[in-house]
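Notes for the one structure printed next.
The values are calculated or read from the model by the stated rules, or taken from the named source; none is laboratory data. Since we're looking at a predicted model, the values are computed, not measured. When we count neighbours, we look across all protein chains shown, and the Cβ atoms used for this are built from the backbone with ideal geometry, even at glycine. Please note that ligands, DNA and RNA were not included when accessible areas were found on the heavy atoms of the full protein model with its side chains. Shrake-Rupley method; radii C 1.70, N 1.55, O 1.52, S 1.80 Å.
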Amino acid sequence: MGQDSATRRDFFVGAGALGAMASAPALAAAPVDPLLALPGRRIAGLIAARKASAEDVMRAVLAQIAAHNPAHNAIVALQDGDRLLAQARAMDARLAAGETPGPLFGLPWAVKDLADVIGIRTTNGSLVNKNKIPTSEGIMVQRLRAAGAIFIGKTNAPEFGFGSHTINRVYGPTRNSFDPSRSAGGSSGGAGVGLALRMLPLADGSDFGGSLRNPAAWNNVFGFRTSTGVIPPEGNDQWIGRMGVSGPMARHAADLGLALSVMAGKHPGSLQSIDVGARAFAGPLDADHKGTRIGWLGDWGGRVPHDPAVLKICEGVLPAFRAMGCTIDAAQVDFEIEPVWQALLALRSWMSGTGLQRLADDPATRDLIGPQAHWEIANSRTITGAQVLAASAVRSAWTRAVDKLFEHHDFLVAPAVQVLPFPVEQLWPTVVAGKTMRTYHEWMLGTFLVTMTGLPALAAPAGFSPGGLPAGIQIIGRRGAELACLKLAHAYEQAARPVIDRLPPALA
């Protein structure tokens, strides 16, 4: 299962990426435009009420990108500024003519570079697709467009979303919003950094094994992995089990809810999508949590290695929940972890690597894909149908074991990351808390374990190391409890304001 350092080195050198890894430009703190300092829902409300123009918001966003994107590389495929301003003016004219605005009307939006947007380059972070200009787009993007979002470009992602470090051979690395010498997380790293540095009011991401949760934690924002079917699953296959989901990212829980209210809900083109009453996600989210029972998973009973600094930070949020009236008890799943990990490896490679085998087989594309993709492809070639069935049975048993915890707890809380942001030059951590990692993604085990259950998991900021690096928690709810997760996160946000409101040094 291991991957050697030579492969990692070749990934950088072969791509000519060492130049992209050069030191980031020196940062000078710059004040945030007052418009962009507001929550995304407030900005949308001001545009709708014609108290701020879409053009003003677009101009502010473009200025923020010009000021901060060169040092962080979060926004890619940025569209021409004059054309974007013209689109914003057209939105203002539509309002002036009496059009009823959608919930995202006039908001600049950069879609994660794993989803197609008509006319905007979509690379999936891969040299294979470096020149791809889509002529169609999926359900989520269509819904964002219909709600009034203006697409300004894409947010950077690792190749095909593999791993939780946003780096690729098309655009290079995305750098952490709090320390540009560190990883932004991934695969929704561009979205997390774009939000934290106020280059985006709201954002979308996706999550297979932590791709919404890790970058949210490392950039002091929120990210929401929802239950399967809440946001319509897409793709050629609509029946075989899946683990990846799309989801919203934001700086505030209520903003998460606004974005989710647009993304979620049944769609005739998605066979597994479900009717969830999506409008309720937009709020209000106020609720009394006195007596809410929280199970603290911590390091999963010592079975999932965590940097002690991360555990300390995440344990530090527990008093905030107690101040809300919650009770907190230790929770532990009565199930061995290693069989779940082995099942995850089989299912992930089968789901992610099988469809990419043609790229490794074709001499024209073989050298254009990176080590993570090659590893998943190689693993997928040896997986049999019997192994898939056996792995799925383990996943089912694990899910039932986790579900039993909800007999005594209303929510589960755990760290959303196992380590602090690592140096951007690394491809992945090789050792966590003294344990050698066997794969490029074993350091994400704590988020993969939740993925395997299909439960909703909402990442929220938790605090900072003495050196100023962020960490976060994940709030895990019962299946279908997205609204309850949003309400708990909203209350937690009020109780943890000093953490939530902390700005990156570039903005402070």
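Please go through the range 322-336 and pick out each residue that is touching a helix residue (DSSP H, G or I) at 6+ places or on another chain (Cβ under 7 Å) and assigned to a helix (DSSP H, G or I).
The answer is 323, and nothing else.
Output the residues belonging to the range 76-89 that are open to solvent by 50 Å² or more (accessible area, probe 1.4 Å) and either in a helix (DSSP H, G or I) or small (Gly, Ala, Ser) (or both).
82, 83, 87, 89
Which one is nearest to residue 290 (Cα to Cα), of the residues in the range 453-502 that are open to solvent by 30 Å² or more (accessible area, probe 1.4 Å) and either assigned to a loop (DSSP other than H, G, I, E, B) or modelled with pLDDT under 95 (or both)?
Checking each candidate, the answer is 478.
Return the residue satisfying two criteria in turn: it lies in the range 310-363 and is among the basic types (Lys, Arg) and without any contact (Cβ under 8 Å) to a residue 12 or more places away in the chain, and of such residues it is least open to solvent (accessible area, probe 1.4 Å).
322
Quick check: is even one residue across the range 280-292 at positive phi and open to solvent by less than 60 Å² (accessible area, probe 1.4 Å)?
Yes, that holds for at least one residue.
Within the range 101-126, can you find the residues that are touching a Pro at 6+ places or on another chain (Cβ under 7 Å) and either open to solvent by 10 Å² or more (accessible area, probe 1.4 Å) or acidic (Asp, Glu) (or both)?
Those that are touching a Pro at 6+ places or on another chain (Cβ under 7 Å) and either open to solvent by 10 Å² or more (accessible area, probe 1.4 Å) or acidic (Asp, Glu) (or both): 116, 118.
One line per residue, one yes/no per condition, for (1) open to solvent by less than 40 Å² (accessible area, probe 1.4 Å); (2) outside any loop (DSSP other than H, G, I, E, B); (3) touching a His at 6+ places or on another chain (Cβ under 9 Å):
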site: 128; (1), (2), (3): no, yes, no
site: 133; (1), (2), (3): no, no, no
site: 136; (1), (2), (3): no, no, no
site: 144; (1), (2), (3): yes, yes, no
site: 153; (1), (2), (3): yes, yes, no
site: 163; (1), (2), (3): yes, no, yes
site: 167; (1), (2), (3): yes, no, no
site: 172; (1), (2), (3): yes, no, no
site: 179; (1), (2), (3): no, no, no
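(1) assigned to a helix (DSSP H, G or I); (2) touching a residue at least 60 places away in the same chain (Cβ under 8 Å); (3) open to solvent by 20 Å² or more (accessible area, probe 1.4 Å): which one isn't true of residue 267, the others all being true?
Failing condition for residue 267: (1).
Consider residue 444 against the criteria (1) surrounded by fewer than 21 Cβ atoms within 10 Å (Cβ to Cβ); (2) out of contact with any strand residue (DSSP E or B) (no Cβ under 9 Å at 6 or more places or on another chain): it satisfies all of them except one. Which criterion is unmet?
It fails just one condition, (1).
Filter the range 34-65 for residues that are part of a helix (DSSP H, G or I), of a type outside the set (A, V, I, L, M) and touching a residue at least 12 places away in the same chain (Cβ under 8 Å); which is most open to solvent (accessible area, probe 1.4 Å)?
59
Scanning for something among the aliphatic types (A, V, I, L, M) and out of contact with any helix residue (DSSP H, G or I) (no Cβ under 7 Å at 6 or more places or on another chain), does the range 81-88 turn up at least one residue?
Looking through the range 81-88, at least one residue is among the aliphatic types (A, V, I, L, M) and out of contact with any helix residue (DSSP H, G or I) (no Cβ under 7 Å at 6 or more places or on another chain).
Does residue 373 meet the test of being farther than 30 Å from residue 497 by Cβ and open to solvent by 60 Å² or more (accessible area, probe 1.4 Å)?
no
Is there a residue being in contact with a Lys or Arg (Cβ under 6 Å, 6 or more places away or on another chain), surrounded by fewer than 19 Cβ atoms within 10 Å (Cβ to Cβ) and at pLDDT 95 or above anywhere in the range 294-303?
Among the residues of the range 294-303, not one is in contact with a Lys or Arg (Cβ under 6 Å, 6 or more places away or on another chain), surrounded by fewer than 19 Cβ atoms within 10 Å (Cβ to Cβ) and at pLDDT 95 or above, which makes the answer no.
Kindly indicate the residue of the range 127-156 that is under 19 Å from residue 246 (Cβ atoms) and of a type in the set (Ser, Thr, Tyr) and also nearest to the chain's Cα centre (by Cα) among those meeting that condition.
The qualifying residue nearest to the chain's Cα centre (by Cα) is 155.
Search the range 292-308 for residues that are touching a residue at least 40 places away in the same chain (Cβ under 8 Å) and over 9 Å from residue 331 (Cβ atoms) and pair each with any residue that is aliphatic (A, V, I, L, M) and surrounded by fewer than 18 Cβ atoms within 10 Å (Cβ to Cβ) when their beta-carbon atoms are under 8 Å apart and the residues are at least 6 apart or on different chains.
299/311; 300/337; 304/337; 305/433; 306/433; 307/433; 308/433
Among the residues of the range 270-278, are any in contact with a Pro (Cβ under 8 Å, 6 or more places away or on another chain), among the polar types (S, T, N, Q) and open to solvent by 20 Å² or more (accessible area, probe 1.4 Å)?
There is at least one residue in the range 270-278 that is in contact with a Pro (Cβ under 8 Å, 6 or more places away or on another chain), among the polar types (S, T, N, Q) and open to solvent by 20 Å² or more (accessible area, probe 1.4 Å).
Looking only at residues in the range 187-210 that are touching a Gly at 6+ places or on another chain (Cβ under 6 Å) and part of a loop (DSSP other than H, G, I, E, B), which one is nearest to residue 152 (Cα to Cα)?
Once the filter is applied, the top-ranked residue is 200.
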